[in-house]
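For reference, the structure is listed below as structure tokens.
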Amino acid sequence: MKQLDERLRSHYPQLSPQEQRIADFVFDHFDDLISYNSAELARLSGVSKATVSRLFKRLGYEKYKDMRDELRILRQSGMPLTDNRDAVQGNTLLARHYKQEMANLTQWVNSLDARHFSEVIQQLAQAKRVFIIGMRNAYPVALHLRQQLVQARSQVHILPQPGQTLAEELVDITPDDMVIVMAFRRRPRIIRPLMQQLQTAGIPLLALCEPQAQTVIALARWQLCTPLDSVSAFDSYSAAMSLVNLIANALLHEMLAQGRQRIHQIADLYQQFDELEHR
């Protein structure tokens, strides 16, 4: 069955000028289309609601709602909403890479426990300090998580500092704090005894790891797992980065009043120091 964007392209030359206005708007706002009802789409396109209904019947939908339901089902299944078959068809490296990345994202999103995730965000909001530990390939993910969290709250730290050992840092961590361990595969040997020590000390501990890391999962109070599967020798961390983005956004919503004020203060300092380009 043809997807919506392909139907629009194939019918476009035969559409009336008013219907083409709708099609042009849809092409420009495809990712947001699911959130518009027919009246809103008509208003935003500058046409009548009847014209919207007529167009989607021409495209094979009995009602406008049927199109939105189709997009919603595709999105929930992890399938792309637009037709990318020219880019990802066949058995090319690009096609196999794309399919694996989509599978990774779909797997971790579908396995996420909402209650479990909510507990993680609440702990992130109330902890006195947050320490993020990431080594080897996990280090860039840890750095990115820290950079995102520090936009919404203070006292977010990366361990270990370059060239330093962990013991001096760990001795002062208390149950009022929270530790996030990036425990992805090819872990340094220290990760498991480190987590055992934190568990024994009663430190709130979150592990970010792949789903197969059962020995690591058992040591953490919370676990958020993302697959690292790739079509070649190197692991893919795109799903892990996507999870980091979700955590950061969820924390910002949890701490909206304080987080918004902090972001404004940071933006003022950006401007004062002229640190960032404005384009």
Note to self: If MET135 meets every condition in (1) free of Cβ contacts under 8 Å to residues at least 12 places away in the same chain; (2) farther than 21 Å from ASP176 by Cα apart from one, which number is that one?
What the structure shows: (1)
Next item on the list: Confirm whether ALA114 is of a type outside the set (Asp, Glu) and farther than 17 Å from ALA248 by Cα.
Entry: no
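Rundown of residues vs (1) of a type outside the set (A, V, I, L, M, F, W, C); (2) surrounded by 18 or more Cβ atoms within 10 Å (Cβ to Cβ); (3) in a helix (DSSP H, G or I); (4) touching a Pro at 6+ places or on another chain (Cβ under 8 Å), yes/no style:
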site: SER10; (1), (2), (3), (4): yes, no, yes, no
site: ILE22; (1), (2), (3), (4): no, yes, yes, no
site: PHE27; (1), (2), (3), (4): no, no, yes, no
site: ILE34; (1), (2), (3), (4): no, no, yes, no
site: ARG43; (1), (2), (3), (4): yes, no, yes, no
site: VAL47; (1), (2), (3), (4): no, yes, no, no
site: LYS57; (1), (2), (3), (4): yes, no, yes, no
site: MET67; (1), (2), (3), (4): no, yes, yes, no
Next item on the list: Could you run through the range 246-266 and say how many residues are open to solvent by less than 80 Å² (accessible area, probe 1.4 Å) and modelled with pLDDT of 70 or more?
Entry: 9
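Which helices (runs of 4 or more DSSP H) sit wholly inside the range 155-265 and have at least 3 residues that are touching a helix residue (DSSP H, G or I) at 6+ places or on another chain (Cβ under 8 Å) and farther than 19 Å from ILE121 by Cα?
Correct list: 191-200.
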Checklist line | Test result for GLN126, open to solvent by 70 Å² or more (accessible area, probe 1.4 Å), under 23 Å from the mean Cα position of the chain (by Cα) and closer than 19 Å to GLY202 by Cα | finding: yes
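The values are calculated or read from the model by the stated rules, or taken from the named source; none is laboratory data. Computed from a predicted structure; not experimentally measured. Methodologically, a virtual Cβ is constructed for each residue, glycine included, from the backbone with ideal geometry; neighbour enumeration extends over all protein chains shown. Surface accessibility is based on the protein's heavy atoms, side chains included, excluding ligands, DNA and RNA. Shrake-Rupley method; radii C 1.70, N 1.55, O 1.52, S 1.80 Å.
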